[in-house]
Amino acid sequence: MSGEMRMTGAVAGLPPAGLPPSGLPLAGVRVVDLTRFVSGAYATMMLAALGADVVKVEPPAGGDSYRAQATATVADRSALFLSLNNGKRSLALDLRAPAGQAALERLLAGADVLVENARPGALARYGLDAEAVLARHPRIVYGSVSGYGQTGPDASRGGFDLILQAEAGLMSVTGTAESGPVKVGAPLLDVGAGICAVTGILAALLRRAETGLGGHVSSSLLEFALAGLTTPASAYFAAGEIPSRLGTHSPSFAPYGAFRARTGELVLAGAGNEALWRRLCVTIGIPEAVDDPAFATNADRVRNRDALTARIETALAADDAPTWVARLEAAGVPAGLVRDVGEALTSAQATAIGAVAAVATPDGIPYQAVTVPLRAPGPLSFPSGAPDLGQHTREVLREAGLSDPEIDELRTAGTILDGSPARDTPAGGTPAGGTTGVVEGSR
């Protein structure tokens with residue numbers, strides 16, 4: 001398999017990929033990244049962490065929209081963009097210009113993977129839909145991430161994490177009766193769909209090692225969200241039950257949720273079995289609850305959840321959350337602290353597993369980024385920080401077989417932005433522009 005996956009650049013006499021082999025699983029694999037926003041960008045960043053040479057294609061005028069959308073910055077760069085594009089190279093290329101399309105075609109000739117997250121059908125007008133690309137380049141693995149999937153009545157709709165959390169049913173089981181529907185406070189559907197797309201791409205690369213052919217693989221926010229409805233879906237299929245909003249608590253188990261202590265909050269799962277329930281009661285000082293008919297079985301405890309929660313919180317009011325978590329863990333009752341984002345990112349366990357990487361901007365300004373959720377066998381960091389717009393335009397086009405005069409002609413026409421040193425303005429003396437790139441329909 002490894003010999004097949006290291007063939008990038010060997011097609012039609014093209015030079016090898018610009019990043020040297022790293023020994024990582026995808027070393028030597030070249031990815032053409034036509035994505036933006038979170039889901040697709042996360043997928044390609046994960047491929048970069050696995051060792052692939054990811055070439056991010058951006059419109060010359062402004063680049064990826066996330067470059068300009070941020071509430072936090074690092075050295076005048078969008079922290080949001082940095083968080084999703086580590087390890088990539090930037091090719092600033094206007095795909096609406098025929099010359100830009102021709103240049104991309106030369107790049108595709110030596111690529112292994114193309115990833116996009118445009119609305120299904122949006123790329124067909126440029127000949128960059130899966131069917132057209134695979135007809136010209138049958139070895140390419142074509143990965144798509146969308147909001148609703150590639151087929152069906154909603155396929156052409158743009159899909160954002162918030163919208164899909166609502167329409168996939170997640171918000172119907174998140175929050176409380178008083179709060180109404182609540183979204184998860186992080187773009188988990190975007191990230192999950194991106195990870196699923198990577199899984200499909202890796203499977204397709206394995207298949208290509210046997211057949212010599214690529215193919216189209218896809219994932220969507222809707223599919224990932226529905227896959228997460230395992231417990232409520234089982235109750236619906238078996239009994240037609242529609243769960244209500246229970247905050248942090250479970251419709252199927254009790255006690256299972258978040259509880260207030262004297263200071264702070266903790267979560268505990270004391271409902272896995274009857275022995276666990278008894279240990280919980282003894283540990284927090286309410287052994288008499290074990291014999292209370294209202295709490296005799298898990299079904300009873302679910303029916304009487306409010307009374308049970310009040311009883312537990314009265315007991316927990318005797319001490320602070322960290323003290324209770326230590327006692328419960330010592331007793332074998334699963335429990336944890338409700339941490340804020342900063343506490344979670346700087347915890348001893350996050351440090352031990354290498355969850356945060358130190359990277360830097362192209363001019364050496366350090367920043368931190370969350371690593372991808374995979375160890376192979378150790379943490380997968382990033383070969384570099386996120387690129388500046390057009391930073392690698394010239395080197396990528398050279399690797400695709402274009403000569404410097406051809407590149408200079410594209411630069412003069414505004415078809416590219418050459419952000420390499422001393423190359424960031426076209427011959428006319430003003431920044432290279434061009435229209436916004438092809439991915440305006442992506443999510």
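Quick look at the numbers
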{"item": "Candidate residues 196, 281: accessible-area rank, largest first, probe 1.4 Å", "result": "196, 281"}
{"item": "Distance histogram for the chain (every C-alpha pair counted, 10 angstrom bins, percent rounded to whole numbers)", "result": "4, 18, 25, 21, 14, 10, 5, 1, 0"}
{"item": "At q = 0.13, 0.27 Å⁻¹, base-10 log of I(q)/I(0) for segment 189-243 (Debye sum, equal scatterers on each alpha carbon)", "result": "-0.48, -0.95"}
{"item": "Rounded to the nearest 10 Å², the accessible area of residue 297 at probe 1.4 Å", "result": "60"}
{"item": "Solvent-accessible surface (1.4 angstrom probe) belonging to residue 172, in square angstrom, nearest 10", "result": "50"}
{"item": "Sorted largest first, extent of segment 290-428 alpha carbons per principal axis (Å)", "result": "85, 30, 29"}
{"item": "Convex hull volume of segment 133-210 per residue (C-alpha atoms, cubic angstrom)", "result": "110"}
{"item": "Segment 115-212: GluC sites (Glu not before Pro) falling in loop per DSSP and having at most 13 other Cβ within 10 Å", "result": "178"}
{"item": "Span from the segment 329-363 Cα centroid across to the segment 63-88 one, whole angstrom", "result": "23"}
{"item": "Protein accessible area in the chain, 1.4 Å probe - carbon and sulfur %", "result": "59"}
{"item": "GNM flexibility winner over the chain from 220, 381, 234 (Cα, springs under 10 Å)", "result": "234"}
{"item": "Protection-proxy order for peptides 383-389, 327-333, 288-294, each taking the mean of Cβ atoms within 10 Å per residue, highest first", "result": "383-389, 327-333, 288-294"}
{"item": "5 angstrom amide H check on residue 73, placed H, neighbours 5+ away", "result": "79"}
{"item": "Whole-angstrom Cα spans of segment 15-174 along principal axes, big to small", "result": "52, 41, 34"}
{"item": "DSSP bridge pairs, the chain: antiparallel proportion in percent, nearest 5", "result": "50"}
{"item": "Residue order for 82, 202 - accessible surface, 1.4 angstrom probe, largest first", "result": "202, 82"}
{"item": "Area of residue 274 that stays accessible when all protein chains are in place (1.4 Å probe, Å², to 10)", "result": "60"}
{"item": "Solvent-accessible heavy-atom area per residue, rounded to whole Å², over segment 44-104 at 1.4 Å", "result": "29"}
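The values are calculated or read from the model by the stated rules, or taken from the named source; none is laboratory data. Computed from a predicted structure; not experimentally measured. Every residue, glycine as well, gets a Cβ built from its backbone with ideal geometry; the counts of neighbours run over all protein chains shown. The protein model used for the area step is the full one, side chains on, heavy atoms only, and it has no ligands, DNA or RNA in it. Shrake-Rupley method; radii C 1.70, N 1.55, O 1.52, S 1.80 Å.
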